[in-house]
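Input: a single structure, listed below in structure tokens.
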Amino acid sequence: MNTSATHHPSASVTVVGLGPMGRAMAGAYLDAGYRVTVWNRTASRADDLVARGAVLAATVEEALRANEAVVLSLTDYAAMYAILEPAAALEGRVLVNLSSDTPEEARKGAAWAAKHGARHLTGGVQTPPSGIGAPESSTYYSGPRDLFEEYEGLLKVLTDTDYRGEDPGLAALYYQLQMDLFWTALTAWLHMAAVADANGIALSEIKPYASRTLTGMDQFLDFYTPRIEAGDHGGDVDRISMAVASLDHVVHTTRDSGVDPALPAAVLEAFRRAASAGYQDDSLTRLFEVFGRRP
């Protein structure tokens, strides 16, 4: 991105955690002219960044004291507690926590930071490391609005920003919602590929058809979203009973191909649950309510 260090008065940042994402973030700040301090348990992961001008802190405490703004790229919030708490150097720091975890853990993390004299922004990055620094990439943020606005220039060095609200859990929630869709869709594609392969069809041959199906999903979202919001699950376009019959064919085709049918069978079971509840003549959107009911 074109955001320069002059967009934030500190023009310096600490990055804690140098997995692929953390290294990409530190690199983006170096490219933007920031003074960058880094820390990682395995110090050798910083070698390329140090060669480009980053400062490798010998300890976490040193890393925290180096800059007010601290970007965290860790496995989860438990890692944050394990790494930062012993350092006892959080007073006055701004923690931009881009680690993945649940909304509730993000709320607990923000409260923990406040208890230690730090301010906290939750982030949910919507791109792999290769997308860091690209203007078309985006990250969800939540937490105090004034803090977000104060540091927005620094955040925009990494990706575009999408502020979701004051609740620290919101960015994590939006991120996990995207992950729900991402992992489900990608797993379905891999299962489709396995069935194709079992029948002698190359993945490269089936890929254009998969792309066409996924691209076409947008029209379904456009059609069904207002109906769901209006509570309209009428079966004038599709019916649960139709889906049960179709999915039954998918499961049998999968099994006949010698491929594990557990994935489509789980989807079939959800539709059968809806049918058993008396919704067999309703639209598939009735699952919106079926999923929402706790057993």
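Mind telling me which of S241, S130, S73 comes out most flexible in a GNM of the chain, alpha-carbon contacts under 10 Å?
Top of the fluctuation ranking is S241.
Along the charge dipole of region 51-170, which of Y81, I132, A58 sits closest to the positive end, that is, farthest toward it, with unit charges on the beta carbon of Lys, Arg, Asp and Glu (+1, +1, -1, -1)?
Sorting the options by dipole projection puts first A58.
Send over a whole-number figure in Å² for the accessible area per residue of the chain, probe 1.4 Å.
Here the per-residue accessible area is 52 Å².
Treating only the Cβ atoms of Lys and Arg (+1) and Asp and Glu (-1) as charged, compute the dipole magnitude of the chain about its Cα centre; round to the nearest 20 debye.
560 debye
With a cap of 13 neighbouring Cβ atoms within 10 Å, and only residues DSSP puts in a loop, list the trypsin sites (Lys or Arg not before Pro) found in region 43-95.
R52
Between G143, G200, G17, where does the largest GNM mean-square fluctuation fall for the chain, given springs only between Cα atoms within less than 10 Å?
G200
How big is the equivalent ellipsoid of the chain along its three axes, where each semi-axis is √(5λ) from the Cα gyration tensor, reported in whole Å from largest to smallest?
44, 22, 18
In whole angstrom, note down how far apart the Cα centers of region 165-214 and region 78-147 are.
27 Å
Using a 1.4 Å probe on the protein heavy atoms, what percent of the accessible area of the chain belongs to carbon and sulfur? Walk me through the intermediate numbers first.
Working: 8460 of 15280 Å².
About 55 percent, which is the carbon plus sulfur part of the accessible surface.
Normalised by the number of residues in the chain, what is the relative contact order in percent for Cα pairs under 8 Å and 6+ residues apart? Could the numbers behind the result be given before it?
On the way: 465 pairs, mean separation 37.3, N = 295.
13 percent.
Exactly which trypsin sites (Lys or Arg not before Pro) in region 228-295 are in a DSSP loop and have at most 11 other Cβ atoms within 10 Å?
R293
From the residues W183, Y279, A196, which one has its Cα farthest along the dipole of the chain in the positive direction, the dipole being from +1 and -1 charges on Cβ of Lys/Arg and Asp/Glu about the Cα centre?
W183
Longest exposed-loop-site-free stretch of the chain, with GluC sites (Glu not before Pro), DSSP loop and at most 15 other Cβ within 10 Å?
167-295
Using a Gaussian network for the chain with springs between C-alpha atoms less than 10 Å apart, which of these wobbles most: V70, V251, V13?
Fluctuation is largest for V251.
What 222 nm value per residue comes from the helices of the chain, counting each DSSP H run with n ≥ 4 as -39,500 (n - 2.57) and dividing by all residues, nearest 500 deg cm²/dmol?
My calculation for the chain gives -16000 deg cm²/dmol from helical runs alone.
What is the sum of charges, Lys and Arg at +1 and Asp and Glu at -1, for the other residues whose Cβ falls under 11 Å from the Cβ of L247?
Surrounding charge for L247 is -1.
Taking every DSSP beta bridge that has both residues in the chain, what percent is antiparallel when rounded to the nearest 5? Could the numbers behind the result be given before it?
Working: 4 of 27 bridges.
Around 15 percent antiparallel, to the nearest 5.
Once both axes come from the Cα atoms, what is the angle between helix 240-256 and the longest principal axis of the chain, in degrees from 0 to 90, rounded to 10?
Taking the Cα atoms of the chain, the angle to 240-256 is about 80 degrees.
Using a/c under 1.5 as the rounded threshold, could you call region 66-133 rounded, prolate or oblate? The axes a ≥ b ≥ c are square roots of the C-alpha gyration tensor eigenvalues, and prolate needs a/b larger than b/c, oblate otherwise. Numbers along the way, then the final one.
Values: a/c = 1.88, a/b = 1.43, b/c = 1.32.
In terms of gyration-tensor shape, prolate.
Around S99, which amide H atoms from residues at least 5 apart in sequence, or from another chain, sit under 5 Å from its own amide H, with H modelled in the peptide plane?
L74, G123
For region 143-255, rounded, prolate or oblate, judged on the Cα gyration tensor with a ≥ b ≥ c (square roots of eigenvalues), a/c < 1.5 rounded, else prolate if a/b > b/c?
oblate
The values are calculated or read from the model by the stated rules, or taken from the named source; none is laboratory data. Note that the coordinates shown come from a computational prediction; the quantities given were computed from them, not determined experimentally. Don't worry about glycine lacking a Cβ; one is built from the backbone with ideal geometry, like all the others, and counts go over all protein chains shown. Keep in mind that these areas ignore ligands, DNA and RNA; they rest on the heavy atoms of the full protein, side chains included. Shrake-Rupley method; radii C 1.70, N 1.55, O 1.52, S 1.80 Å.
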